[in-house]
Amino acid sequence: MNASMAYQTASFSPVFYKTSLLQLFKYFSWAIFFFSVGYFGTFTITILYNIMFPQPIPLFSANAQSLKPNKGTAVLQMKNGTEVKSQFVTVSSSGGKTGGAFIEIDSKIEKIVSGKNVTIEIEVSSVGNKLFHQFAVAYSTNAIGNSGWRKFPIIRGKNKYRFEYLVPKDPNAGKKYDYVGILSDFSGIGTTITFNSLNVYLK
């Protein structure tokens, strides 16, 4: 009886050992499978998301020191930005260099955006207690069209404002500058804003 039990024990151990290794192999295989699905699944979802919802491509940026004055619009360099004070003129041109303070966009960028959708993002801060007045921003091709003045209500503190514009196709693109103009006072109440930065994105 003891010999038989000993024989059974000796013959059972290799089978159990073999089965354990097989189970470990299965668990390891499943672990690799789920890891692969998770990794490549996330990667695939990211690609599909970027295709369906393309992210804007940054093309151009300008800081406060880039803003230039124009007739009827004064600019004052400050530590925290550039103060802009425009005379209230609703007929100020949104073409050419525009009738407000302006920023030049070089010819290389002008060539890239020709015929494309762009997003203009401007960051400005309120000055004093005159809030909820309107300031305006315009994108000008300086040749074949402009966005017109896009008006925004200025609110307290530092904020970003955006608008989109389909830049007309220019057969002579790359030979001139485009411009972004700013009018600080489109409401006629004598207000000033502080310009902080400008960004142009390709959609």
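The values are calculated or read from the model by the stated rules, or taken from the named source; none is laboratory data. Predicted model only: the values in this text are computed from it and were never measured. For neighbour counting, all protein chains shown are included, and Cβ atoms are generated from backbone atoms with ideal geometry for every residue, glycine included.
For every residue, the table says whether it meets (1) surrounded by fewer than 20 Cβ atoms within 10 Å (Cβ to Cβ); (2) outside any strand (DSSP E or B); (3) not assigned by TED's automatic domain parsing to the domain that holds residue 196.
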{"site": "61", "(1), (2), (3)": "yes, no, no"}
{"site": "98", "(1), (2), (3)": "no, yes, no"}
{"site": "109", "(1), (2), (3)": "yes, yes, no"}
{"site": "112", "(1), (2), (3)": "yes, yes, no"}
{"site": "119", "(1), (2), (3)": "yes, no, no"}
{"site": "122", "(1), (2), (3)": "no, no, no"}
{"site": "137", "(1), (2), (3)": "no, no, no"}
{"site": "143", "(1), (2), (3)": "yes, yes, no"}
From the options 3, 10, 31, 62, residue that is modelled with pLDDT of 75 or more and not acidic (Asp, Glu): 62
Can you tell me which residues in the stretch 145-174 are assigned to a loop (DSSP other than H, G, I, E, B), crowded, with 20+ Cβ neighbours inside 10 Å and of a type outside the set (Gly, Ala, Ser)? 149, 154, 167, 170
Please indicate, with yes or no, whether at least one residue in the stretch 193-200 is farther than 17 Å from residue 69 by Cα, of a type outside the set (Gly, Ala, Ser) and touching a strand residue (DSSP E or B) at 6+ places or on another chain (Cβ under 9 Å). yes
